[in-house]
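First the structure, in the form of structure tokens, and then the observations on it.
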Amino acid sequence: MKALLLCALLAPSAWAAKAAKGAAKAPAEAPPANDDEKLVDYFTKSETSDLDPKAIPRFMELDLSKMSPGRRAAALGKRLELKALRKAMESKTKPPIRRVGQDPLQECGVEEGSAQQAKIMATIGFMPVTQDEVAFLAQRTKCTECELSDEFTYTRLIVPGDKAKKIPTEKHMFIHAKDPLMALVSQYRAGGKGGTDFFSVGFFGACR
């Protein structure tokens, strides 16, 4: 059963495939100069379902600081995708009420990246959400924003601005397409802002 579940999670969604097909092609990277860059190219150019699970730990721990901006952005995006898929799989085994008796989590880190990374997110299964939708999720699940990140795949990506060039800081918010939270997002987008039992729309899992 676990193997079947993992295969289902790793299989690319139709939405992700469509986004990837429609995305603008990134500039060609120079050939990999070392084993680390070869590993990054293997992970970022292969279908997620075809990856060798034994290579994942090394990929997740690679130092990306000396790699080109394009290679680094692609690797960071793939890491977020792998983390999201793991969370989606783990959510199937968690109890419906996940943080009973725990104090609300109010402080947490935010991903910082580039505009290129924000574009890559849309090609690997992450769906953009609005602040209003996040507020709806927090209200319905009784989770703080930090808890939505901790328990689900909600990801905030900050793209720093440039005061000299008058470029403002951008905040992007995503949820992976395979996350059960997307059932609530779909309900919100369909106009279901009331108190309908969220279990009835295919969602399971709340903080308290």
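Go through 137, 148, 105 for me and flag whichever is in contact with a Cys (Cβ under 6 Å, 6 or more places away or on another chain) and either of a type outside the set (A, V, I, L, M) or farther than 30 Å from residue 31 by Cα (or both).
After ruling out the rest, the residue left standing is 105.
Is there any pair linking a residue in the range 54-81 that is over 23 Å from residue 174 (Cα atoms) and surrounded by fewer than 20 Cβ atoms within 10 Å (Cβ to Cβ) to one that is at pLDDT 95 or above and β-branched (Val, Ile, Thr), with Cβ under 8 Å and at least six apart or on different chains, and which?
These pairs meet every condition: 62/40.
Give me the residue from the range 126-162 that is hydrophobic (A, V, I, L, M, F, W, C) and over 13 Å from residue 184 (Cβ atoms) and, out of that set, surrounded by the fewest Cβ atoms within 10 Å (Cβ to Cβ). It would help to see each step written out before you state the result.
Step one: of the range 126-162, the residues hydrophobic (A, V, I, L, M, F, W, C) are 126-127, 129, 134-138, 143, 146, 148, 152, 157-159.
Imposing the further condition that a residue be over 13 Å from residue 184 (Cβ atoms) reduces the set to 126, 146, 157-159.
Numbers: 126: 26, 146: 17, 157: 22, 158: 14, 159: 18.
Checked the range 126-162; the qualifying residue surrounded by the fewest Cβ atoms within 10 Å (Cβ to Cβ) is 158.
Anything in the range 182-203 that is part of a helix (DSSP H, G or I), surrounded by 13 or more Cβ atoms within 10 Å (Cβ to Cβ) and modelled with pLDDT under 55? List them, or say none.
Passing the criteria: 198, 201.
Give the range 158-178 a look and list any residue that's closer than 21 Å to residue 84 by Cβ and modelled with pLDDT of 90 or more, or say none.
Answer for the range 158-178, where residues must be closer than 21 Å to residue 84 by Cβ and modelled with pLDDT of 90 or more: 158, 159, 170, 171, 172, 173, 174, 175, 176, 177.
For the range 163-172, which positions are under 17 Å from residue 130 (Cα atoms) and surrounded by fewer than 18 Cβ atoms within 10 Å (Cβ to Cβ)? Don't jump to the end; show me each part of the working.
Step one: list which residues in the range 163-172 are under 17 Å from residue 130 (Cα atoms), which gives 169-172.
Passing the criteria: 169, 170, 171.
The values are calculated or read from the model by the stated rules, or taken from the named source; none is laboratory data. Just so we're clear, the structure is a prediction, and the values are computed from it rather than from any experiment. FYI the Cβ positions are ideal-geometry reconstructions off the backbone, even for glycines, and counts take in every protein chain you see.
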